[in-house]
Structures are given as structure tokens and as C-alpha cells.
Amino acid sequence: MCLDRLTDHKPCKTGYKVFYKDGSKIISQVVQDFIERAPNIPVGKWIDEEDYRPSYCSGEAIAGRDFTYPFCFHNFHSLADAKKWKNRTNEVIYKVAVRKPVVTGLQTLGYYFLYRLRKYAKITGSKQIKLIEEV
């Protein structure tokens, strides 16, 4: 998940995030291809993105088309948008508390009408989140 463009909308304090679930293990979508090495994300505890960043994500920024921004958790502002992003049966959505926002922007949800119309979701990128509850 990468932002398509940066915006100056107000960061959310609570949002929604899609995770991969393997049994009782909750895993970031970014590392779902490395399940055996992926750390379990705890519910009800503040976590820092640096502790859950995959080793192949080196450096301090993600490059957009004509901008960069810090590595961060991407949190949807609305449950409806998180539901549109969730596309596998083994994925779950959690309501999350958001702390230390570093960027706000828009993320493409998909293309409709033969790729002519993009649908975007508001995102707050943050350094820390706390999983509140599965929705």
C-alpha cells in the first residue's frame, strides 16, 4: 500500500486497518508472504512501525510519483474504505487507535468503469497504532 498523493486533511485519531490472519496470529499485510517470520501483532498494545517493518524496506522513506514520505502504518479513515481494500478471506479489519501521525494522503482503492474512474480513500500514516477490536 502506497499513497497516490499527499493531502493536508486532518489526521484521524482512530481508523481502520486490514491485516492478514493465520490462525490466531495477526500479521501486517506487508509481510504476509513471510508468515513464518512475521511477528504477531498484539491487540490492545501500542506498537511502533519500525518493529513491524519488513527487512526489505530499508531507508527512511517511500517514494511516490513525485514525492516521498516516511515509512508508516497506513490507516483508513472509514470502515467502508477498509472493506473495499480487504480482498482475501483470510484478511480481517481492526479498528485502531492512531498515534504519531506523519502524513495524510489518498490511496487508490481500485479502478472502475474500464479503469477510467479511480476511487480513493483518505489515509493517515502514523508511526504507532493500537489494535482496538476486530470489526
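Things to note:
- Built amide H within the under 5 Å cut-off of Tyr120, gap 5+: Leu109
- Fewest-first ordering of Phe71, Phe19 by other beta carbons within 10 Å of each residue's beta carbon gives Phe71, Phe19.
- Protection proxy ranking of 80-86, 38-44 - average other beta-carbon atoms within 10 Å, highest first: 80-86, 38-44
- Close amide H contacts of Arg5 (hydrogens built in the peptide plane, cut-off under 5 Å, sequence separation of 5 or more or a different chain): Leu106.
- Under 17 Å from the Phe67 label point (7 Å along Cα→beta-carbon), backbone N, segment 1-22: 1-12
A short reminder: the numbers here are calculations on the coordinates, not readings from a lab. Please read these numbers as outputs of a predicted model, since none were measured by experiment. Neighbour counts are summed over all protein chains in view; Cβ atoms, including those assigned to glycine, are modelled from backbone coordinates with ideal geometry.
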